[in-house]
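The values are calculated or read from the model by the stated rules, or taken from the named source; none is laboratory data. If you're wondering where the values come from, they're calculated on a predicted model, not measured in any experiment. Cβ sites come from the backbone with ideal geometry, for glycine too, and all protein chains shown count toward neighbours.
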Amino acid sequence: MNRNDYEYRVSAAGRVNLIGEHIDYCGGKVMPCALSLKSTVCVRPNGTNTIRLAWTDLPDKITLDIAHLGEYRHLRHAKYHAGCAYLWQQAGHPIVGCDMLLDCTVPFGSGLSSSAAIEVSAISALALMAGEHPDPVEVALVAQRAEREYAGVNCGIMDQYASACGRAGHAMLLDCKTLACEYVPVNTGDYALIILNSNKPHNLVESRYNERRAETEIALGLLQSRLHVSCLAEVTSAELEKNKDLMTDVVYRRAKHVVEECERVRLAAKAMKEGTMSEFGRLLSASHASLSSLYEVTGFELDSLAAAAQAHPACAGSRMTGAGFGGCTVSLVQKDGVTDFKNYVLSRYRRETGYDAICYEAEIADGIVIEKI
Ligand code: GLA
């Protein structure tokens, strides 16, 4: 099947979150960037009542019946497309029979949001087939519902928003409570952002993610018995300390991460605007330490990878990015030291863990891109 036989080529971005981890579902601000690693859908109408899916790198061919879109939760890859079509339909949009050829350069299970990229590109393609020009924010919200209600991960809005609304060369300072988004130019001067994949196979990410989210909800419920707050991100450090007695140690430590990470995001946005990269890097490393010891979503491999990066003289700071439990780190590294940094970090990490990390060459790119073929 030739890609030129299709009507549109639609892509949506993977993302790297610079800082503000496990904050979106607590109503705080996060700072992701969309990446040139992306999910692409070539799409054309097929005149049937079905959506036919084919992949560039998988032998599978799947046909989804538009009248029964709610019934494909068991499918391994196609559940994302079925879920998106189903929830887009539930949101009141027409779904038209079409063929989709799917390609994804966002590595799976890497913490760079392959699923959000797949969802956002799929919904955008479906909207185009029905003659609609999709609104990126609505696409992001429906994609998030598909992830939660169909794929079963109780995620926040960060990934889908970044995938849909990203802008080349910019980070998004996204307020996850209001969805107000400020685009901050990523001017890292003499430094480069380096993304390394720990290649640690994920396990139980979904259930452990949902568990963390539940713990923050417990913390909020307890604090609300004394404080007038609508989300954990509104709680100050002083308020948290004063009300520590309400919580078990574990719940307190989860809340402490959230409260302090929100403050780091504020400082990181300021540092990025002022171009103080040493301060930005310090905040990245502090974020990792908190995700490791308070939020407990790193694990031996991510801790080893971040520690190796932080130990290199050219590195201003390094942290895990995404949900954790495996996946990637992001590091801020002096451009003229990047080669030496990679050699040092990759060999030390292999020695310590037995895994080979991979470095991605990615630009900060636009979110949804639509081309007529
Ligand atoms: C995953 C979720 C996001 C966010 C991050 C952690 O990527 O999909 O909503 O919660 O984890 O910051």
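Here are the numbers for the structure shown:
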item: Residue within segment 299-309 that is surrounded by fewer than 24 Cβ atoms within 10 Å (Cβ to Cβ), within 16 Å of the ligand (Cβ to nearest atom) and closer than 28 Å to residue 219 by Cα present; result: yes
item: First in segment 73-90 and closer than 13 Å to residue 148 by Cα, second anywhere and surrounded by fewer than 16 Cβ atoms within 10 Å (Cβ to Cβ), Cβ under 6 Å, 6 or more apart; result: 79/73; 86/70
item: Selection count where residues are over 26 Å from residue 271 (Cβ atoms), within 16 Å of the ligand (Cβ to nearest atom) and aliphatic (A, V, I, L, M), scope segment 189-228; result: 5
item: Residue among 11, 36 that alone is hydroxyl-bearing (Ser, Thr, Tyr) and either surrounded by fewer than 21 Cβ atoms within 10 Å (Cβ to Cβ) or within 16 Å of the ligand (Cβ to nearest atom) (or both); result: 36
item: Looking only at segment 55-79, and only at residues there that are surrounded by 12 or more Cβ atoms within 10 Å (Cβ to Cβ) and of a type in the set (Lys, Arg), the one that is farthest from residue 101 (Cα to Cα); result: 73
item: Segment 307-340, residues that are more than 19 Å from the chain's Cα centre (by Cα) and without any contact (Cβ under 8 Å) to a residue 40 or more places away in the chain; result: 307, 310, 311, 312, 313, 314, 315, 317, 337, 339, 340
item: Residues located in segment 336-373, provided they are assigned to a helix (DSSP H, G or I), touching a helix residue (DSSP H, G or I) at 6+ places or on another chain (Cβ under 6 Å) and not β-branched (Val, Ile, Thr); result: 348, 349, 352
item: Segment 311-335: number of residues that are among the charged types (D, E, K, R) and either crowded, with 18+ Cβ neighbours inside 10 Å or not in a helix (DSSP H, G or I) (or both); result: 1
item: Residue among 52, 44 that alone is modelled with pLDDT of 95 or more, among the basic types (Lys, Arg), touching a Lys or Arg at 6+ places or on another chain (Cβ under 8 Å) and surrounded by fewer than 24 Cβ atoms within 10 Å (Cβ to Cβ); result: 52
item: Residues of segment 341-372 satisfying the condition of being under 25 Å from the mean Cα position of the chain (by Cα) and without any contact (Cβ under 8 Å) to a residue 12 or more places away in the chain; result: 361
item: Test: residue in segment 234-253 that is of a type outside the set (Ser, Thr, Tyr), within 16 Å of the ligand (Cβ to nearest atom) and either closer than 30 Å to residue 305 by Cα or surrounded by 21 or more Cβ atoms within 10 Å (Cβ to Cβ) (or both); result: no
item: Pick from segment 113-160, criterion within 16 Å of the ligand (Cβ to nearest atom) and not in a helix (DSSP H, G or I), ranking: nearest to the chain's Cα centre (by Cα); result: 113
item: Conditions (1) part of a loop (DSSP other than H, G, I, E, B); (2) more than 30 Å from residue 65 (Cβ to Cβ); (3) within 16 Å of the ligand (Cβ to nearest atom); number of the one not met by residue 168; result: (3)
